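These notes concern the structure reproduced below.
The values are calculated or read from the model by the stated rules, or taken from the named source; none is laboratory data. Being a predicted model, the structure only gives us computed values, none of them experimental. Because the Cβ atoms are built from the backbone with ideal geometry, glycine has one as well, and the counts that use them run over all protein chains shown. Accessible surface areas use protein heavy atoms only, side chains included; no ligands, DNA or RNA. Shrake-Rupley method; radii C 1.70, N 1.55, O 1.52, S 1.80 Å.
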Amino acid sequence: MKSPLPKLFTEAKDFMPLLGTDYIEMYVSNSKQAAHFYKSAFGFESLAYSGLETGNEESESYVLIQDKIRLVLTSPLKSGTSIGKHIDKHGDGVKVVALWVDDATTAYNEAVSRGAKSYMEPFSQEDKDGKVVKSGIHTYGDVVHVFVERKEYDGIFLPGFKEWKTSYNPAPVGLKYVDHMVGNVGWGEMNTWVEFYEKVMGFTQIISFDDKDISTEYTALMSKVMSNGNGRIKFPINEPAEGKRKSQIEEYLDFYEGAGVQHIAVATDDIIKTVTDLKNRGVDFLQVPTTYYDTLEQRVGKIDEDIEPLKELGILVDRDDEGYLLQIFTKTIQARPTMFFEIIQRKGARSFGKGNFKALFEAIEREQELRGTL
Ligand code: FE2
């Protein structure tokens, strides 16, 4: 029998301790209107603002919050900026997946020494509420990871932002935290990015799906799920696979003009209430045929929820060895058929809903058919 690894070695193995998702920043063509949408439709609340009024002449950002989820929506204030070029190429999309760390300088040095491409060298920003250190590296496509060290900061969001107060404050819908964030990458590139997360970030692969797991009559994709050491950060990576017709991943890559974030999965403790609220506020969801529910109980066994409201709302259920999960996917949420949201409630299950892939992808194909992109 092999002797166990010395304690020092196992501790040193997580060279990139991540405390959680700090914020997600999207570059959008109209931050002011997008902020209104995320408040009225998704139940986010106003948190902070940066723009002309705070001395920022380049861009305007609205920061929204719902429980642990912070969303930053940024638009340029003039032509020719890197933000504007990003929007011109990709449409609205995620630019920054910010990770909360204890030490942004060490995180940066560890990543860069293992081959990450630098996006932002460590630098500190201060205001009356303290100090924040930020650094950043590139990942797939034009997406970046910004490391945020905020242990000496007490302010509303980050230095440079002021509190955003408004008289329009719709109620939250019960979204709690980011469960996982999925990246779509190009043909044959999945393993490159799996290796990137292993080598540069110290992640491990926890699940793998091949095109036999994820295929319908027409389209196919492959996926590997990467997780950091404490399991708080999970990044599935998808690539298209050959099918009879165009894969949904290929459609994304065509319209996003490259790799990028495909969906943000957010957790709730009461998916029936959350999805009822979202629907009432105008969020559109993918719909599986009602026949999905005819065999549901045979497939997943006894669950706490009544089947009827699940069927009415189109919520999917899947079971693994540890429990079950409930999930539903919005339709894409900007002009281009690119990014969407997943709402997920976990009841013990730590997987990603493999049993729903076929029904789900057939629902996506019906949407593709309408767009003429299947
Ligand atoms: Fe997902």
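Test PHE123 against the stated conditions and say whether it is open to solvent by 30 Å² or more (accessible area, probe 1.4 Å), farther than 30 Å from GLU250 by Cα and more than 16 Å from the ligand (Cβ to nearest atom).
Here the answer is yes, as PHE123 does meet what is asked.
Would you point out the residue of segment 276-304, among those that are over 22 Å from SER351 (Cα atoms) and assigned to a helix (DSSP H, G or I), that is least open to solvent (accessible area, probe 1.4 Å)? Steps first, answer last, please.
The initial filter retains those residues of segment 276-304 that are over 22 Å from SER351 (Cα atoms), namely 276-284, 289-291, 294.
Right, trim to assigned to a helix (DSSP H, G or I) and you get 276-280, 290-291.
Working: THR276: 53, ASP277: 35, LEU278: 0, LYS279: 69, ASN280: 126, THR290: 79, THR291: 87 Å².
The qualifying residue least open to solvent (accessible area, probe 1.4 Å) is LEU278.
Name the residue that is surrounded by the fewest Cβ atoms within 10 Å (Cβ to Cβ), counting only residues in segment 55-71 that are without any contact (Cβ under 8 Å) to a residue 60 or more places away in the chain and within 24 Å of LYS176 (Cβ to Cβ).
Among those residues, the one meeting the criterion is ILE65.
Results for (1) within 16 Å of the ligand (Cβ to nearest atom); (2) open to solvent by less than 30 Å² (accessible area, probe 1.4 Å); (3) out of contact with any Ser or Thr (no Cβ under 7 Å at 6 or more places or on another chain), shown as yes or no for each residue.
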| residue | (1), (2), (3) |
| --- | --- |
| ASP154 | no, no, yes |
| PRO159 | no, yes, yes |
| GLU163 | no, no, yes |
| SER167 | no, no, yes |
| ALA171 | no, no, yes |
| LYS176 | yes, no, no |
| ASP179 | yes, yes, yes |
| VAL182 | yes, yes, yes |
| TRP187 | no, no, yes |
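Restricting segment 305-354 to residues that are within 15 Å of the ligand (Cβ to nearest atom) and among the small types (Gly, Ala, Ser), which is most open to solvent (accessible area, probe 1.4 Å)?
SER351
For segment 293-317, enumerate the residues that are at positive phi and over 27 Å from the mean Cα position of the chain (by Cα). Spell out the reasoning first.
So in segment 293-317, the residues at positive phi come out as 301, 314.
GLY301 - this is the single residue of segment 293-317 that is at positive phi and over 27 Å from the mean Cα position of the chain (by Cα).
Hey, could you check segment 351-374 for residues that are assigned to a loop (DSSP other than H, G, I, E, B) and touching a residue at least 40 places away in the same chain (Cβ under 8 Å) and say which is nearest to ASP92 (Cα to Cα)?
Across segment 351-374, the extreme among qualifying residues is THR373.
Has segment 240-247 got at least one residue that is under 18 Å from the mean Cα position of the chain (by Cα) and on the phi < 0 side of the Ramachandran plot?
Checking segment 240-247: not a single residue is under 18 Å from the mean Cα position of the chain (by Cα) and on the phi < 0 side of the Ramachandran plot.
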